[in-house]
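Some notes on the structure that comes next.
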Amino acid sequence: MRKVKVPLENQSYEILIGENLIPNFPSFLEGNLSRNFLAIVTDKNVEALHLSNLVKVLSDAGIETKILSINPGESSKSWETLKMTVDWMLNNKIERNDIVVALGGGVVGDLVGFAAAILRRGIRFIQCPTSLLAQVDSSVGGKTGINTTHGKNLVGAFYQPALVVSDISTLKTIKERDFLAGYGEVIKYGLLGDYDFYCWLDANVSKIKERDTQTLIKAVAHSCEMKAEIVIRDEKEHGDRALLNLGHTFCHALEASTGYSERMLHGEGVAIGCILAFELSARMNLSSQEDPVRIKKHFSDMGMMTSIKDISGVLPEPDTLVELMFQDKKVVDGKLNLILAKGIGKAFIATDIDPSSIKSVIKDSLIT
Ligand code: GLY
């Protein structure tokens, strides 16, 4: 098992990454429970796959559980499900010193983290992420929250977990498309800050695709180390944490124009967005012309989408996509800041990007 430490000023915690961690869950709780009780929130898909294993080992260890299973999918990151979750916690008399476990992907983690942040002004929570995307991104770093009709993640809190338990065995059960979407966030770390990690991933395409356990442990652990290092430097995203948004401004525009639907998953949009960010960087002569070609080949070897044209159905005109990008949180005084790169592993925050150069990159990606 690998351990990654996240030593923050107000809340230090560990990320545990390994095989068969759920069957050993009680050993990670030793000395931390105020009573022999855990609340668990999951979703109906994850419930069918992993909940009974977790409940059984806890019960064998004498730990009583209360379970809430929500509907799967992004629509559960809502005021309604938040209210239902908090009411459920209060109805079940979850106390100030109790711990709630978020067992599931990014939706469960974000929702439960936010509910934990506001219940009795903050109770402890453990992230037990079961998707690749949640293991390498959303379970680490304390961003919690819900969506509103005004947009994604607009209501929430920075609220760090007490522990993250990433059981790599759960990755054997996820669908190929979800696995590859999560991989979009893994490769992002190499692209933004670690050329050697990018090369290692590129050299291990077949092992990653066959979900070789040791390769995945290394990939998840290194992604978490990189995220932890950035979060330690800039927990509340006043500066460098924005680097983690490589590809995300393009992705948010694509998500908005595909209605946050199955047409394009978040990680797929991140992957396309990373290619577009490198394409733009190359056209602005910031990075080599070869970089976007290399990255595109890697994604294509992995079997991932590489262009906007790979998204099914009708998409808006380039002008509309550029306008959507200008709705992003990184617009300051009407100027768009984007994460661009001076080469693979050398991302930086670029300011005041010319909309016409973004438009030309988008236009080409709609056809090639
Ligand atoms: N997902 C980006 C971040 O946690 O900052």
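Pairing residues of the stretch 233-262 that are over 21 Å from Lys5 (Cα atoms) and free of Cβ contacts under 8 Å to residues at least 60 places away in the same chain with residues that are surrounded by 24 or more Cβ atoms within 10 Å (Cβ to Cβ) and among the small types (Gly, Ala, Ser), at Cβ distances under 9 Å and at least 6 apart in sequence or on separate chains, gives Cys251/Gly184; Cys251/Gly267; Cys251/Gly269; Cys251/Ala271; Cys251/Gly273; Thr258/Gly269. Restricting attention to the stretch 123-150, the residues that are in a loop (DSSP other than H, G, I, E, B), in contact with a strand residue (DSSP E or B) (Cβ under 8 Å, 6 or more places away or on another chain) and away from the ligand (no atom under 13 Å from the Cβ) total 3.
Within the stretch 102-120, none of the residues are more than 16 Å from the chain's Cα centre (by Cα), within 23 Å of Val140 (Cα to Cα) and either of a type in the set (S, T, N, Q) or not in a helix (DSSP H, G or I) (or both). I'm trying to understand the selection: among the residues of the stretch 313-354, which are open to solvent by 70 Å² or more (accessible area, probe 1.4 Å) and either closer than 14 Å to Glu255 by Cα or among the aromatic types (Phe, Trp, Tyr) (or both)? Val314, Glu323, Gln327, listed by residue number. Only helices (runs of 4 or more DSSP H) whose full extent lies in the stretch 151-237 are considered here, and the ones with at least 1 residues that are open to solvent by less than 50 Å² (accessible area, probe 1.4 Å) and under 18 Å from Arg294 (Cβ atoms) are 176-193, 195-203, 205-209.
The single residue among Gly193, Gly239 that is within 16 Å of the ligand (Cβ to nearest atom), closer than 17 Å to Ala347 by Cα and at pLDDT 95 or above turns out to be Gly193.
Do we have Leu216 as within 16 Å of the ligand (Cβ to nearest atom) and over 15 Å from the mean Cα position of the chain (by Cα) here? No: the conditions fail for Leu216. Residue count for the stretch 242-259 under the criterion of being within 16 Å of the ligand (Cβ to nearest atom) and among the hydroxyl-bearing types (Ser, Thr, Tyr): the result is 1.
The values are calculated or read from the model by the stated rules, or taken from the named source; none is laboratory data. Computed from a prediction, not measured in an experiment: that's the story for all the values here. When we count neighbours, we look across all protein chains shown, and the Cβ atoms used for this are built from the backbone with ideal geometry, even at glycine. Just the protein is used for accessible areas: all its heavy atoms, side chains included, with ligands, DNA and RNA removed. Shrake-Rupley method; radii C 1.70, N 1.55, O 1.52, S 1.80 Å.
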